[in-house]
Amino acid sequence: SSGSLRGPSSAGWVMQSNLVSTVFKRFDTTGDGKLTVKEFTHLFKTLGGESWGEDKIARLFAVADLDRDGLIDVDEFLAWVFTKKAGRAVVTGTPERRDSLTVTGSHCEAAVCRSPSPEPDTTDDDEYDTDSSITSDDAGEELIHASPEAFGDHLPLETPEESEDDGDETDVAARHALQKPAKGRRPSKQTKPQKAEAEVIIGEAEMYETLVYAGGDVQPRLLLGDFASLFAKCKRAGLGPELCRLVPQRIQADEGQKPEDLSPFELGHLALLVAEKPELGREDVRQKIDEVSEGCRMIDFSNNLERIGLESSMRIGFGPFKRICWAVGEAMLVDPETLLTQLFWADTNVFELTTTMANEVMRRLFLKVPHKKEPLMRQKVHSNDFMRMCHVQNLSDKAGKTGIPHAQLSLFFANTLKNLASLLAAREAKRCAAKKKKREKTHRTHKSISGRPKLSVLFEELFRAIPPGRFRSPLHMVLSLLENANALSATARKQKF
């Protein structure tokens with residue numbers, strides 16, 4: 001970190017700094033603790049739609065990027081948001097102005113302390129904004145007072161690690177403070193509603209790092225053969241055309257386009273295409289699949305790409321990996337987070353529901369109804385909800401041959417709640433394994449299941465408790481239950497009419 005933000009520990013300031021930090025984390029898609037120009041632009045496009053021009057955002061980025069490294073870390077972001085016009089002194093970096101820099105607001109009082117720049121830059125904020133339609137002051141204020149609707153799904157009221165019944169009072173108050181704009185201010189304007197994007201659960205950078213990390217040794221690159229084998233495991237687990245029918249995806253399909261049932265061999269051909277043509281488009285992907293699909297889908301994979309003349313030892317860098325994932329998603333009509341979470345499960349056995357899938361589970365399996373004051377991911381699943389779902393979905397069985405014995409359903413749910421803290425910690429440890437450092441998190445005891453991460457744990461444990469043979473994977477189990485829920489709903493409608 002290039003600096004630190006210091007100030008009195010008033011509850012209001014803590015609340016606002018927590019909220020702004022949460023915004024930062026949601027738009028830090030790579031998870032490296034820094035915002036790129038693209039991520040910074042995405043943040044303001046989400047906040048204000050077309051009212052934020054790219055030139056205007058670029059000028060604000062230049063003001064906030066104090067150390068001029070082309071990236072904005074969280075301290076620079078907080079300093080820029082809270083210091084407003086005093087950001088001029090931060091940019092200048094002169095000791096006499098920096099030492100006296102204190103900003104007082106209705107809920108915040110902060111002092112910013114930075115090391116002086118090697119070559120002090122005396123450029124004023126307004127020089128970056130020649131049309132005077134927006135200043136860094138306005139931008140920071142709009143971030144602080146923005147309503148949660150302005151950020152769509154980027155700023156959930158519940159973070160993945162905590163829920164309302166197990167967070168501390170300050171965090172709970174901070175989340176509630178976001179539900180409406182501050183008094184005396186209008187909600188931020190939007191020219192048109194912004195399309196919500198799913199939470200980044202497993203980023204491309206984390207996934208690639210996980211794949212190249214094996215037993216403590218980092219390979220120079222991901223091998224195509226290993227990538228194809230993991231994809232084959234995902235296919236067996238349920239990654240196929242039925243997924244986008246049962247779980248809504250954000251990816252836009254062309255009129256009449258149907259999801260392709262890609263084979264690992266076709267993934268290999270797409271990898272070659274990416275190597276030959278890095279800037280490939282959707283038409284290039286379709287053309288390649290049309291050329292090779294018939295032959296590839298008739299051959300059993302058996303972890304052997306050489307059967308069709310592909311080299312398993314072909315190395316894949318991070319850039320090609322991202323483009324291959326994009327091409328696979330375009331062909332199969334699945335969102336990036338869907339593909340990445342399944343690859344992560346295939347490699348680590350950690351099952352993650354995507355946000356959309358978790359919402360479908362709450363709505364169609366637990367029959368929860370979303371409403372403004374309590375979105376689905378904040379509603380709780382109790383023992384009675386779980387037992388009802390198991391009975392309706394035939395997951396209980398007296399003999400225990402095809403499901404959990406009736407008498408043990410309540411005990412299973414109680415044990416899952418009892419062990420939830422350790423299960424969440426174990427999952428976090430697996431995610432940190434490839435990063436060579438541990439992130440310490442406190443997981444408290446739980447009285448119910450709420451939120452996407454805890455739902456993911458519940459269904460992973462449920463899959464393990466079901467006798468082998470009925471479901472191939474946690475994903476296959478969830479998709480089967482959603483399919484059955486659809487059938488039950490259709491039957492109920494027919495009987496009604």
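The values are calculated or read from the model by the stated rules, or taken from the named source; none is laboratory data. None of these values were measured; they are calculated from a predicted model. Here Cβ is always computed from backbone atoms with ideal geometry, including for glycine, and neighbour counts include all displayed protein chains. Surface accessibility is based on the protein's heavy atoms, side chains included, excluding ligands, DNA and RNA. Shrake-Rupley method; radii C 1.70, N 1.55, O 1.52, S 1.80 Å.
Annotation: for a label point projected 7 angstrom from Cα along Cα→Cβ of Glu374, residues of the stretch 452-478 with backbone N closer than 17 Å are 452. For the pair Lys398 and Lys25, what calculated FRET efficiency results from E = 1/(1 + (r/R0)^6), where r is the Cβ-Cβ distance and R0 = 45 Å, to the nearest 0.05? That pair, Lys25 with Lys398, gives E of 0.45. In plain terms, the chain from Phe318 to Ala465 could stretch by 49.2 nm, reckoned as 0.36 nm per residue minus the Cα-Cα distance. Note on the stretch 457-497: Rg/Rh from Cα positions, Kirkwood definition for Rh, rounded to two decimals, is 1.15. Val361 sits among other residues whose Cβ lies under 12 Å from its own Cβ, and their net charge, with Lys and Arg +1 and Asp and Glu -1, is +3. Any of Lys34/Lys372; Lys258/Lys454; Lys45/Lys288; Lys258/Lys372; Lys34/Lys430 with alpha carbons more than 26 Å apart? Name them for me. Flagged as over cut-off: Lys34/Lys372; Lys258/Lys454; Lys45/Lys288; Lys258/Lys372. About its Cα centre, the stretch 217-354 has a charge dipole of approximately 200 debye under the convention of +1 per Lys or Arg Cβ and -1 per Asp or Glu Cβ, with nothing else charged. Ligands, DNA and RNA aside, Thr491 has an accessible area near 70 Å² when probed at 1.4 Å. With the simple spin-label model, which puts each label point 7 Å out from Cα in the Cβ direction, the Arg297 to Ala407 separation comes to 4.9 nm. Taking amide hydrogens as placed 1.01 Å from N in the peptide plane, the amide H of Leu222 sits under 5 Å from those of Ile316, each at least 5 positions away in sequence or on another chain. Charged side chains reduced to their Cβ positions (Lys and Arg at +1, Asp and Glu at -1) give the stretch 313-380 a dipole of some 340 debye around its Cα centre. Packing order of peptides 289-296, 413-420, highest average first: 413-420, 289-296 (average count of other Cβ atoms within 10 Å over each peptide's residues). Shown here for the stretch 295-358: GluC sites (Glu not before Pro) in loop regions (DSSP other than H, G, I, E, B) with at most 15 other Cβ atoms within 10 Å, namely Glu311.
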